[in-house]
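Report on the following structure.
What follows is calculated from the coordinates using simple rules that are stated; it is not laboratory data. The model shown is predicted, which means the values in this text are computed figures rather than measured ones. All Cβ positions, glycine included, derive from the backbone under ideal geometry; neighbour counts span all protein chains shown.
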Amino acid sequence: METHFANLEGARTTLAKERVLEDLRQLARDAESLLQATASDVSEKAREARERLAAALERARATCAEFEEGVVTRAKEAARKADTVIRQHPYESIALAFGIGLLIGALIARK
């Protein structure tokens, strides 16, 4: 029986990218809050800082959107590959799923 784990590293990379993406989203929310909080400050330095922050926020949003699009595309491709492997090797897939379930059941029963 041949196993197909070539994409495990890609899955780890995807998870790391998703964490970065969520961090970028949080940064954008924080930046928006900061912009709203400093909206009443009319000094020249505050205005320049708000403009720079707004520009950086737009760049971060664009990067986030590109990043998200790439993650979605790779996830769909990984799902397509998994589907192909399962269809080509149905009995091996069932045996592997059974084995993993048995292992998880044994680990849970030990506790």
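Before anything else, pin down the relative contact order of region 8-110: Cα pairs under 8 Å, at least 6 apart, normalised by residue count, whole percent.
The value is 31 percent.
Evaluate E = 1/(1 + (r/R0)^6) for I94 and D23, where r is the Cβ-Cβ distance and R0 equals 35 Å; express this FRET efficiency to the nearest 0.05.
Result of the calculation: an efficiency of 0.35.
Taking Rh as the Kirkwood radius, which is the inverse of the mean 1/r over Cα pairs, what is the Rg/Rh value for region 8-110?
1.29
Subtracting the Cα-Cα distance from 0.36 nm times the residue separation, let me have the gained length for A37 to A60 in nm, one decimal.
Gain on stretching A37 to A60: 6.3 nm.
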